[in-house]
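Here's the structure, in structure tokens; my notes come after.
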Amino acid sequence: MPRIHVTLGLSLALIASAAAADEAPREPARGDPAPDFTARNLITRDAVRLSDEQGKLVFLTFWASWCPPCRKELPVLEAVQRKLGAERATVLAVSFKENDAGQVRAWAHKGDWHITLLEDPGGQVARSYAIHAIPHLFIIGPEGRIMKVHTGYGAHSIDELVADINAALSATGQAPAAAAAAQ
């Protein structure tokens, strides 16, 4: 009889261990280190590594060409990057669950984007950030830690984004951006 008890206990422990292994990672929160990744630039095909952007603010957004709110957010982020300059900020826009990479490339070329559009064909980057809905934006500080997380995009998003950008700049000892940066 003791043998059955040990076998049952071992089986339950293995099941619990397997269930824990299958759990998705939690979304990184404010103060957490941003999970590092390398992804391919959608336009240039160059490898882009998040940790290479340390020393400046990084706006990491997950988007899709089929997502109307995402298509509203990207031009705002483009304006923010342009206003702050490449030495202070960069936008990394990770493509989420796109079905046709060629169509996305064509759309991106039409937009004449200066932000960095990244591919994530296997969804590995999205999984490391626990992305399930878009748009999903992380503001990452110069030291590589999450400063703010925005989920979705709506009427007050621009005002909130400008306030968060100015707070991030102040926290890093930089002068705040003008309110018009995101407009």
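The values are calculated or read from the model by the stated rules, or taken from the named source; none is laboratory data. Please read these numbers as outputs of a predicted model, since none were measured by experiment. No Cβ is skipped: glycine too gets one built from the backbone with ideal geometry, and neighbour counts run over all protein chains shown.
Restricting H150, H132 to those that are over 15 Å from L74 (Cα atoms) and either crowded, with 17+ Cβ neighbours inside 10 Å or out of contact with any Asp or Glu (no Cβ under 6 Å at 6 or more places or on another chain) (or both) reduces the list to H132.
Scanning region 118-136 for residues that are out of contact with any Phe, Trp or Tyr (no Cβ under 9 Å at 6 or more places or on another chain), touching a residue at least 40 places away in the same chain (Cβ under 8 Å) and small (G, A, S) turns up just one, A130.
Can you find a residue that is surrounded by 14 or more Cβ atoms within 10 Å (Cβ to Cβ) and in a strand (DSSP E or B) anywhere in region 66-80? The answer is no; no qualifying residue exists.
Conditions (1) in contact with a helix residue (DSSP H, G or I) (Cβ under 7 Å, 6 or more places away or on another chain); (2) without any contact (Cβ under 8 Å) to a residue 24 or more places away in the chain, marked per residue:
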{"site": "F37", "(1), (2)": "yes, no"}
{"site": "R40", "(1), (2)": "no, no"}
{"site": "I43", "(1), (2)": "yes, no"}
{"site": "P68", "(1), (2)": "no, yes"}
{"site": "L74", "(1), (2)": "no, no"}
{"site": "V94", "(1), (2)": "yes, no"}
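Of all residues assigned to region 17-40, none qualifies as being touching an Asp or Glu at 6+ places or on another chain (Cβ under 9 Å) and assigned to a helix (DSSP H, G or I). Taking (1) over 14 Å from H136 (Cβ atoms); (2) modelled with pLDDT of 90 or more; (3) surrounded by 14 or more Cβ atoms within 10 Å (Cβ to Cβ); (4) of a type in the set (A, V, I, L, M) in turn, L42 satisfies each apart from (2).
Restricting attention to region 101-123, the residues that are loosely packed, with under 12 Cβ neighbours inside 10 Å and over 19 Å from T44 (Cβ atoms) add up to 1.
Looking only at residues in region 147-176 that are assigned to a loop (DSSP other than H, G, I, E, B) and within 16 Å of the chain's Cα centre (by Cα), the one that is farthest from D32 (Cα to Cα) is Y153. On the given criteria, is S51 modelled with pLDDT under 85 and in a helix (DSSP H, G or I)? Answer is no for this residue.
Can we say L60 is in a strand (DSSP E or B), within 15 Å of the chain's Cα centre (by Cα) and closer than 23 Å to D36 by Cβ? So L60 fits the description; yes.
Taking region 81-91 on its own, how many of its residues are in contact with a Ser or Thr (Cβ under 7 Å, 6 or more places away or on another chain) and either assigned to a helix (DSSP H, G or I) or over 22 Å from P35 (Cβ atoms) (or both)? Total satisfying the criteria: 1. Restricting region 92-123 to residues that are among the hydrophobic types (A, V, I, L, M, F, W, C), at pLDDT 90 or above and not in a strand (DSSP E or B), the residue that is farthest from the chain's Cα centre (by Cα) is I115.
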